[in-house]
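The values are calculated or read from the model by the stated rules, or taken from the named source; none is laboratory data. Since we're looking at a predicted model, the values are computed, not measured. Don't worry about glycine lacking a Cβ; one is built from the backbone with ideal geometry, like all the others, and counts go over all protein chains shown.
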Amino acid sequence: MSRIDIEYLMDRYLNGEASAQEIEQVESWLEQHGNPESGWNEMDKASRGKWLDSLYTDIQASAGINDPKVIRMRPAGNLWRGVAAAAAMLAVFFTIYQEWPLLHSKLYPDKLVAIKVPANQQSQVILSDGSKISLNSTSRLQYPKAFSGKTREVYLSGEAYFDIVHNAAKPFIIHTGKVITTVLGTAFNIKEDGRQHTVIVTVARGKVSVANGGQALGVITPNQQISFNTVSYQHLQRVIDIKPVIAWLESDIHFDDMTFAAVALQLQQRFNVKISFANEKIKNCRFTGTALKADKLDKILNVLCAFNNATYRAEGNGNIIIDGPGCK
């Protein structure tokens, strides 16, 4: 498990965003390393810190970081079993030891300021270096009160527009799940789409380097974009028009030859409502237009349905269902 994998998993776990499988993985890991009786979620901050500090000491001792190497001979019949077990244990200890500085900082939230934007709202953050970050609806940002190290690092979940103050001696790094975006001073947009399993980086000004952990994905300049699929690990670099990408800053929504399915995803995020299709054929209908910031969902849906020979209805729970024969 890579550095970014551990960081991303622990971040999701501690913030209650992990899946059932991820929770099981983390808690299994915790139980295997000295916490079999009391659940991690039941421990207070002091107990967590004490347990983690103890774990770190054990890791150092077990991995032989502070002590001379000692090799114990085993009976010949158990040699290979012993080698396999030792290798597995050392792999676990070495991984945790490598990840400790970052993992330790993630588990002490008072060292990072966290801001989460409510649905249908936006927010702006001005960092200690003067950089400005505009956050879109339901996005989350973690950042330090002051940048004291050799880099300026923040953690994003959702979508944000960054206007970063130039500092050649201190690169600005954004962690978005497994994707790492590195800049010196520029303006760009990052969008994490959990439904589509993508992270999309688009540059408005300057130059941006994008990587998946230690794997470089590319360097992009104004009106260029890298889209990375977090499931297939495929990425696409292309030239685009930046205006529709950052239109959310003015709260207008631009639909540039988009499918009805893609439009529905944007409307779901903006209005915090679930939209589904009774007929799969409607999803491929395409639309070009603009929804103004003052437009309500009903007005937007009326226009979309009129152009695509469709109708919609609202269920009692507020969910929207779109129906129709589809497009030719």
Set G130, G149: member being in a loop (DSSP other than H, G, I, E, B), closer than 23 Å to P222 by Cα and not assigned by TED's automatic domain parsing to the domain that holds Q268: G130
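Here is a yes/no grid of residues against (1) under 22 Å from V117 (Cβ atoms); (2) free of Cβ contacts under 8 Å to residues at least 12 places away in the same chain; (3) surrounded by fewer than 22 Cβ atoms within 10 Å (Cβ to Cβ); (4) outside the structural domain of K296 (by TED's automatic domain parsing):
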position: E153; (1), (2), (3), (4): yes, no, yes, yes
position: I164; (1), (2), (3), (4): yes, no, no, yes
position: I190; (1), (2), (3), (4): yes, no, no, yes
position: Q196; (1), (2), (3), (4): yes, no, yes, yes
position: N223; (1), (2), (3), (4): no, no, yes, yes
position: S227; (1), (2), (3), (4): no, no, yes, yes
position: H235; (1), (2), (3), (4): no, no, yes, yes
Scanning region 229-263 for residues that are closer than 30 Å to G326 by Cα and in contact with a Leu (Cβ under 9 Å, 6 or more places away or on another chain), the one modelled with the highest pLDDT turns out to be N229
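Do you know which of the residues in region 264-307 that are farther than 26 Å from E250 by Cα and either assigned by TED's automatic domain parsing to the domain that holds Q122 or crowded, with 18+ Cβ neighbours inside 10 Å (or both) is modelled with the highest pLDDT? Break it down into steps so the answer makes sense when it comes.
So in region 264-307, the residues farther than 26 Å from E250 by Cα come out as 276-285.
Still in the list and also either assigned by TED's automatic domain parsing to the domain that holds Q122 or crowded, with 18+ Cβ neighbours inside 10 Å (or both): 277, 282, 285.
Details: F277: 92, I282: 88, C285: 86.
Residue satisfying both the conditions and the ranking: F277.
Would it be correct to say that V203 is touching a Pro at 6+ places or on another chain (Cβ under 6 Å), part of a strand (DSSP E or B), under 21 Å from P244 (Cα atoms) and modelled with pLDDT of 90 or more? Outline the logic, then answer.
Working: touching a Pro at 6+ places or on another chain (Cβ under 6 Å): yes; part of a strand (DSSP E or B): yes; under 21 Å from P244 (Cα atoms): yes; modelled with pLDDT of 90 or more: yes.
Yes; evaluated as a whole, the condition is true for this residue.
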